[in-house]
Structure formats: structure tokens, C-alpha cells
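Only one structure is covered here, and it is reproduced in the block below.
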Amino acid sequence: MKGERVLRIAVGGMQHETNTFTYLKTSLEDFSIAEGDSLLAIPEAVEGTSLQGIIETLKENKVEIIPTLFAYTLPSGTIEKAAYDNLKERFLTRIQDADQLDAVVLAMHGSMFVEDVGDADGDLLESVRSIVGPRIPIICALDLHATITNKMVKNANAFVGYRTAPHIDKEATGHKAAELALEVLRNSLEITTSWVSIPMLVSGEQSETKVAPTSKIIAELVHMPDGEDIMSSSIFLGFPWADVPFNCVSAIVVTTQGAKSAGEAEARRLAELIWENRHEFVFTTEAYPMEECLKIALEEKSAPIIIADSGDNPTAGASEDLAIALDILIKQRVKNALMAVIVDEAAYDKCVAAGVNSHVDLDLGRLDPTKEQGSPLSIRAQVKKIGLSKGIPSVILRVDDIDVIVTTKRTAVYDPELLADLGLDPREYEIIVVKSGYLSPEFQALTKRALLALTPGDTNLLLETIPYQVTKRPIYPLDKEFHWRPKA
């Protein structure tokens, strides 16, 4: 362990999954930020992330941890350059001020896009490399839906990715990244990454990791097997709701420098496996237009049936203010239903001013996903309850026989606690519509039949219909009749 000297490892990172198709912009105020020594206490901003796993593993191994900055926010639109510059400067200042670093281990996402910068993950890693020099290993934990770029690979030594979608191994991935760093330092290893970029777009709803083909590809991956040339392998499925020139699916293999040829061969093998199965990446949940989902739900005997309004999914960066699904519920005269959630601060304010049990006329949300303003859904509703949901000011409206949660800001609809905070019991509804893509395990557990509504919006799942402008072509599934093989 480099003699008796205690290892010094810097930790931190930025995580954002950027949707370039939404009108939203991401500002500094949108980020949850932890900085300096506060990181070591695992504050709320760090809790449940890969950085928690990194810090816990390094503490267990008596490493001197140099905490920098960690910034995280819900996926949304392009990050404002001023916000990124602010966070980047604070982060890099702490890297610059650290003496005698042995390694840098970061918790990143891998699909972060900033105005006038573009590939922000690559930009940040390039800046770190310019400070620490060529010999200090930089190792990153990444989201399964990272979009790997040349600049990222050039400036980091290794990437370790989540292996689950829905993501239930974030902390475990952090543990792996830290363990890899310790292995490298304790054995004075020089490591390298072999990368194959595959011309594909795939959504998370087509690649849940419990089902094929993703399950069988994930089963091929390894992490620090004893006595093997390959130290770690990962796949990264990219993020389709970003129109960027580096869109791709990736196979990544980490080896020592001496085993680089084995790493290159394994990366090609994994890439070929993904490509050969490209036609098998289909929706892993029953997927239909919203009207058909309702027809199925109304015929189903078990309750509740949970329908994901996939086109307005905030966990993939959508605005969460579309009222299209609610409009269909009303027109279909659906009974005993719950809609969670629609973001509309003005509607919330009007409801608060009217008070509980009042009836209000509202122009709620948007019906046209192509327009930032205008075309709201006009409704008359009863204000049923005013409260907080996951700390966010919220109101429950009653529209005909439908309860609607309206919030003042965007929130991930993955935890039923969001409902419990407002005194709602999901078991009391026949149909629940949530702004989501694939359902979280918690919502999955509440229903015997989940349905995916193919609705319009910022996270339109019909990728072939999205107006990509700068994404390099050909790329599957936008283009289907082309030949591709990884270069030897």
C-alpha cells in the first residue's frame, strides 16, 4: 500500500441526465449540493447514490478521503452554463487544493449536457485530468444509461456501471468503483479502458435488466474476478431523449495495460452480443396507446391497475405538466381513478386561495406537448386536500370521479410515499396513472398488471418519431437496414 503512507483519494461528482427535447432549463437552484466535509456524513444529497457506496468503502479501508463537491438533480433540460461553471469551479478548486492525491473516484451519471459545452461529463473529467496529471487513476461510477464519449474515455482510467434498471444497485456500484481503485493502488497497477461504441438508441422501457435480452447480456459482465485479465466490464445503454452527436450504446472493459488486447477483444464481443440482439429490445411492460390501456384496465378484475404515462416521465427529464392523460380519463368517464401528478404552480395557488372543499375553474397544465405555453385543460374541480407530498406543496383535486395530484414543482413518481403523505391509499383506487416510464419496484408491488401508455411528450417512447437533428446516422432503430460490426 505504497509503504506505510495512508492513501489519499478525492471523491465527489455531478449527476444529471439531460433531456434536450424539453423546454425546461436546469439552473443552479435545481441542484441538491453537498460540499467539503459534509459529504462524509452522507447528507441527503448523497444518500442512496453511488457516492455513498464510494465513501463507505473508502472509510472501511482506512483511506484518507478528500471530499470535493457532489451535485445532483432530477433529470430535466439542458443545464445553464452559468450553473455548470459555478459547480465546476467549486469542484475543481477542491481538487487543486488537495496535496498528494493517489486517486480520484467520482460518482457521475454520464449523460450530462450543458449549453455551449455539450459533453459535460467529458469536460469535467478533462479538467480533473489537467489538474492531477497523467498518472493519477480516475475511476467513475456511472448510470446504466450513460452515454459514453471520446472525451470521457480519454480522461478517465475506468468506468463501472449500474447493472439494474430500475436502478437498485447505485450504492453497490459505488462500492465496486472504490474497490477497483483500491486494487489498482495496492498493487501499483496501470489500468486502461477498452470501449466499443454501438450505433443504437434504446430506452429503459425496452431494456429492463430482469428480462432478456438485457438480462442475458448483464450476466456476461464481470467485476474483479480472481486471476483474470479483465478487471471489470460494463454496458451503457445511453439516453435516447438527447439529440447529441455522440449518441450510442457502449461496451466497456477495464484491464491492466498488459492485458489491453484481451480487453479490446472482450469489448468487441459484448458489443456484438448487443448488436445481434438489437431486435429483441422491445417494451418489457405491456405498451399501448392511452385509450387502449384504459380499455384493458376497465376489463381487468384485479385492482389497482397502474398505468405509466410514459411520454411525460420526469425521471427521464420530462416537464411533468402535460394534462393529456387526464383529459382522456375525463372523456372516457373513468371511475375511481387517481392521476399523479401534474405540475402547475398557478393552479395550486388558485386552489389554496379558494380553500378546501371549494370548487374552482382551472386551466390546468398543457395539452399540446409541442408548445411551452397555452392549450391548457379547462376543468371544474373540487379542492379535496391541501398538503405536502415529499415536502412539495401539493393539492388533491376531485374531477368527476378522478382524484388528481397537482404540485408546485416536478417530482419523481417512484415512491408510493408520495401518495401516503397526502393521506391517499393506492389500494382504494381501480386505476392509478403515474408520470413514469417503467414502474419502480414499489409501485410494481402494488399491482398485478402494469401498463405502459405510449403518450406524447418530452419522453416519447416511439423513438422513430422523434425529430433528431444532430444525432449521427445511421443509428438503430431510426435506421434499420445497415450493416455494422465493431472494428478489430
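The values are calculated or read from the model by the stated rules, or taken from the named source; none is laboratory data. Values in this document were obtained by computation on a predicted structure and should not be read as measured data. Heads up, the Cβs are rebuilt from the backbone with ideal geometry, glycines too, and the neighbour counts pull from every protein chain shown. Surface areas here come from the heavy atoms of the whole protein model, side chains and all, with no ligands, DNA or RNA. Shrake-Rupley method; radii C 1.70, N 1.55, O 1.52, S 1.80 Å.
Things to note:
- Selected residue (criterion: least open to solvent (accessible area, probe 1.4 Å)) from residues of segment 152-170 that are in contact (Cβ under 8 Å) with a residue 60 or more places away in the chain and charged (D, E, K, R): R163
- A single entry from T209, T173, T214 fulfils the requirement of being open to solvent by 10 Å² or more (accessible area, probe 1.4 Å) and in contact (Cβ under 8 Å) with a residue 60 or more places away in the chain: T209.
- In segment 432-480, the residues that are over 19 Å from C248 (Cβ atoms) and of a type in the set (D, E): E442, D458
- When each of E286, E208, E272, E299 is tested for being charged (D, E, K, R) and touching a Ser or Thr at 6+ places or on another chain (Cβ under 9 Å), the lone residue that passes is E208.
- Among the residues of segment 1-49, the ones that are assigned to a strand (DSSP E or B) and among the polar types (S, T, N, Q) come to 4 in all.
- Candidate set: segment 409-437, residues that are open to solvent by 30 Å² or more (accessible area, probe 1.4 Å) and farther than 22 Å from K301 by Cα; chosen: the one nearest to the chain's Cα centre (by Cα): Y414
- Hey, Y72 hydroxyl-bearing (S, T, Y) and open to solvent by 50 Å² or more (accessible area, probe 1.4 Å) or not: yes
- Of all the residues in segment 74-102, those that are of a type in the set (A, V, I, L, M, F, W, C) and over 16 Å from E115 (Cβ atoms) number 6.
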